[in-house]
Amino acid sequence: MRFLMVTSFYPPHHFGGDATYVRQLSNALVTRGHDVDVVYCHDAYRASGGQVDVQATDASSRATVTRLTSRFGLLSPLISQQTGRPGLKARALKSLFERPYDVVHFHNISLIGGPSVLKMSRAPVTLLTAHDHWLVCASHIFWKNDAKTCDGRQCLRCQIKSRKPPQLWRHTGQLARALENVDRIFAPSAFTRQALLDQGVSRPISVLPLFAPAAFDELAPARPPERPYFLFVGRVTRSKGIAALAALFRQRPAYDLRIVGDGDYLATLKTACEDMPNVIFEGRMDQEDLRGLYRNARASMLPSIAPETFGLTTVEAFSQATPAIVRAAGAAGETVTASGAGFVYKTGQEALAAMDRLAGDAELRAQMGRAAQEAYRAHYTEAGHVDAYLAEIGQPAGAALFERAPA
């Protein structure tokens, strides 16, 4: 089959798990003999503060990649953000959509065309993955006024207080009309599916958990470090709760917190942690080095305040037989609760107690590591994910869609 993946960001011009997932899924489909094209917007990356050179490429990508740039630069994604339409990218996208794809799969479309880009697909099957809460929240993460978890819909006021240009199209029927062209939405968790339903999204929604591509037994065995450390991987932003997590390590100087990633809160956090030698900033890391960090950590930490749609870093830790300690926020705790491979906490004291148990009890760490590995193999492998993905496309409804004549 021929696939087209449509996304705002793609490695190396990206910030997090959505772009990584698109690359991993695309590579997996190519491995199985499918043809995969990817289109993304480099101007969106620059508009969001990205610094990687425009000419950089991702050597690990096996798909055919189209990188959109406009002579109007940052104006292009701004138009999409404000109007919910492709705008300056419309002509280039139209030429792609005219190709005879079997499946068009949309991902993070916020800056490559907004909801209206969904209507451009002419493929027999059109899919959309809800990597975040963008479909129903302008902040993408239910983060109100750039300060707290959303506790009630005041969307226009929230956008203004968050210093984001208000998206007036959200107050029209534009999104609902665009979604009519989507055959199926993939939600990475039960929580995310329910959040979409609660906000009135009426398209068919299937839960399809994300995956991590490499298993523990494919790599070298763990080597316990001299000092026990806990690992945070992700965007360094206020909504991720990283400030509160780092502060806990003032009470545990014998443990290290190693932070992998960057973000708009990084400089502030570094300043706050200047007198804390046990908080170590690793910067961005490639996947191979990151696996080693996961493998030797006492636990992966997910301290998010805003509700998560899934918790990909938890699954990445599970793939290395490492448990997780996660804050109860949205879907963050689903994988941990179902597997028993870690702890879910609500308070800082509960987080400290969990860290103490995994740092001080080698047998518990090993037991939870085995549970993590078993959960990974049962639910979060590349093979299992792609099997489920192709099965969703091949469901009776999907088979009927393949018979649909091109519009």
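Expressed to the nearest 5 percent, the antiparallel share of DSSP beta bridges inside the chain is 5 percent. What separates the Cα centres of the stretch 151-212 and the stretch 251-328 is a distance of 28 Å.
Once the GluC sites (Glu not before Pro) in DSSP loops with at most 15 neighbouring Cβ atoms within 10 Å are cut out of the chain, the longest remaining piece is 275-402.
Per-residue extension of 0.36 nm, minus the Cα-Cα distance of THR64 and ALA90, leaves a gain of 7.4 nm for this segment.
Selection among PHE249, THR237, PHE310 by position relative to the dipole of the stretch 216-379 gives PHE249 as farthest towards the positive end (Cβ unit charges, Cα centre). Please state the shape class of the chain: rounded when a/c is under 1.5, otherwise prolate if a/b exceeds b/c and oblate if not, all from the C-alpha gyration tensor. Prolate shape, in that a/c is at least 1.5 and a/b is the bigger ratio.
Rounded to the nearest 20 debye, the dipole magnitude of the chain is 1320 debye, with +1 charges on Lys and Arg beta carbons, -1 on Asp and Glu beta carbons, and the Cα centre as origin.
Helix-only mean residue ellipticity at 222 nm, the chain, DSSP H runs n ≥ 4 weighted -39,500 (n - 2.57), per residue, nearest 500. What is it? Taken over the chain, the calculation gives -10500 deg cm²/dmol. Extending 7 Å from Cα along the Cβ direction at THR337 and again at THR149 yields two label points whose distance is 1.2 nm. Does the stretch 216-379 classify as rounded, prolate or oblate by the C-alpha gyration tensor (a ≥ b ≥ c root eigenvalues; a/c under 1.5 gives rounded; else a/b over b/c gives prolate, otherwise oblate)? Here the stretch 216-379 falls in the rounded category. Using a cutoff of 8 angstrom between alpha carbon atoms and counting only pairs six or more residues apart, the relative contact order for the chain works out to 13 percent. Subtracting the Cα-Cα distance of ILE160 and PHE72 from their residue separation scaled by 0.36 nm leaves 29.2 nm.
Modelled spin-label separation between SER202 and ASP102, with each label point placed 7 Å from Cα along the Cα-to-Cβ direction: 3.2 nm.
Here r is the Cβ-Cβ distance between GLU363 and THR57 and R0 is 51 Å; the resulting FRET efficiency, rounded to 0.05, is 0.65.
Taking a straight Cα-Cα cut-off under 25 Å and skipping sequence neighbours fewer than 8 places away in the same chain, the lysines within cross-link reach of LYS94 are LYS119.
Summarising the label geometry, the points placed 7 Å from Cα in the beta-carbon direction at GLU282 and ARG32 lie 3.0 nm from one another. Reachable lysines from LYS240, Cα under 26 Å, same-chain residues fewer than 8 places away excluded? Within reach: LYS144, LYS148, LYS161, LYS164, LYS270, LYS346. Within a straight-line Cα-Cα reach of under 13 Å, LYS89 can be paired with the following aspartates and glutamates, leaving aside sequence neighbours fewer than 8 residues apart in one chain: ASP43.
Once you order the gyration tensor axes a ≥ b ≥ c over the Cα atoms, which shape class does the stretch 316-359 get: rounded for a/c under 1.5, otherwise prolate or oblate by comparing a/b with b/c?
Oblate is the answer for the stretch 316-359, as a/c is 1.5 or above yet b/c matches or exceeds a/b.
We did not get these values from a lab; they are worked out from the coordinates using the rules stated. In this text, all values refer to a predicted model and were calculated from it rather than measured experimentally. Reconstructed Cβ throughout: ideal geometry from the backbone, glycine too, with neighbour counts over all protein chains shown.
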